[in-house]
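A short worksheet on the structure shown next.
The values are calculated or read from the model by the stated rules, or taken from the named source; none is laboratory data. A quick note: this is a predicted structure, and the numbers were derived from the prediction, not measured. In this analysis, Cβ positions are derived from the backbone assuming ideal geometry, glycine residues included, and neighbour counts consider all displayed protein chains. Side chains included, ligands, DNA and RNA excluded: accessible areas come from the protein's heavy atoms. Shrake-Rupley method; radii C 1.70, N 1.55, O 1.52, S 1.80 Å.
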Amino acid sequence: MANLKEIKRKIGSVKNTQKTTNAMKLVSSAKLKRTEELAKRSRVYADKLTGLLNEIAQKMQQSNADGIDNVYFKDAQNPKMVDIVFITADKGLCGGFNSQTIKRVNKLVAEYKAQNVKVRLRAVGRKGIDYFKFNNFELNNEIVGLSAAPDFGQAAEFISEVADSYVNGETDKIILVHNGYVNMITQEVREDQVLPVDSSKLKLDVVSTSELEVEPDDDDTLLDALVKRYIEYTMYYSLIDSLAAEHSARMQAMDAATSNAKQMVKDLTVKYNKARQEAITTELIEIISGMESMK
């Protein structure tokens with residue numbers, strides 16, 4: 001009977017876990033829909049901002065035979081110092097979402113160190129912070145709570161501090177790594193060069209047909225302002241993209257956990273029924289044996 005009670009207790013425990021994981025799946029599904037909509041709206045603004053930056057950069061390149069003479073567009077072929085900004089979640093229970101980002105950051109660090117390039121890490125999200133601190137990595141900057149609730153003001157302040165170190169010559173390149181949202185069942189680790197501005201993303205070699213006019217005295221000022229906003233919004237959009245991917249990954253993980261719990265309940269129920277049947281059979285044998293001995 002003790003075995004039956006233990007199996008019954010396990011069935012009850014697994015059923016409670018199943019209810020919890022199913023509830024978490026539903027919550028993540030609802031949050032994903034909201035975040036996905038926010039990401040779509042933010043993407044439209046990001047595309048417009050990139051388009052405007054492209055137009056200004058084109059005008060400057062066409063008016064200057066030596067190309068764009070701006071600190072944000074300088075060559076970064078042989079950097080001596082690289083800042084890696086990475087985004088992870090504040091919570092777990094989302095499959096390999098955080099580990100994939102951490103794996104990419106570790107790979108980048110190893111590649112740059114092999115080239116004798118110094119690397120500084122700047123972290124957003126508790127899971128990444130905890131991992132690198134546990135492994136004795138020095139973090140130049142860290143923030144908790146921003147990846148769970150993206151805020152443009154905080155994101156702009158965080159990335160502006162990193163950008164200032166680039167302008168001041170402390171670092172030669174800034175890379176942003178995060179696990180991005182593709183669809184409800186797929187996430188993709190994204191690695192973007194924030195500074196210097198990646199010219200491959202801008203169509204500078206295409207002849208501009210825009211009617212936009214920029215005064216020579218204002219082009220640097222305008223370009224600097226646009227690049228700053230571009231950097232800030234890149235950070236903000238990456239946070240939203242990462243959050244959508246996090247909800248997607250958690251929804252999948254909780255769905256798998258719910259399915260596993262359901263299967264476990266089924267297996268334990270079969271085990272319980274077999275044990276109960278064996279107990280009843282044993283009792284019947286004992287009763288029959290007792291009656292036979294009394295004859």
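Some points to look at:
- Any chance residue 84 is over 13 Å from the mean Cα position of the chain (by Cα) and either in contact (Cβ under 8 Å) with a residue 40 or more places away in the chain or open to solvent by less than 70 Å² (accessible area, probe 1.4 Å) (or both): yes
- Cβ-Cβ under 8 Å pairs, at least 6 apart or on other chains, the range 5-16 side open to solvent by 70 Å² or more (accessible area, probe 1.4 Å), far side part of a helix (DSSP H, G or I) and hydroxyl-bearing (Ser, Thr, Tyr): 8/272
- Within the range 44-63, not a single residue is open to solvent by less than 80 Å² (accessible area, probe 1.4 Å) and aromatic (Phe, Trp, Tyr).
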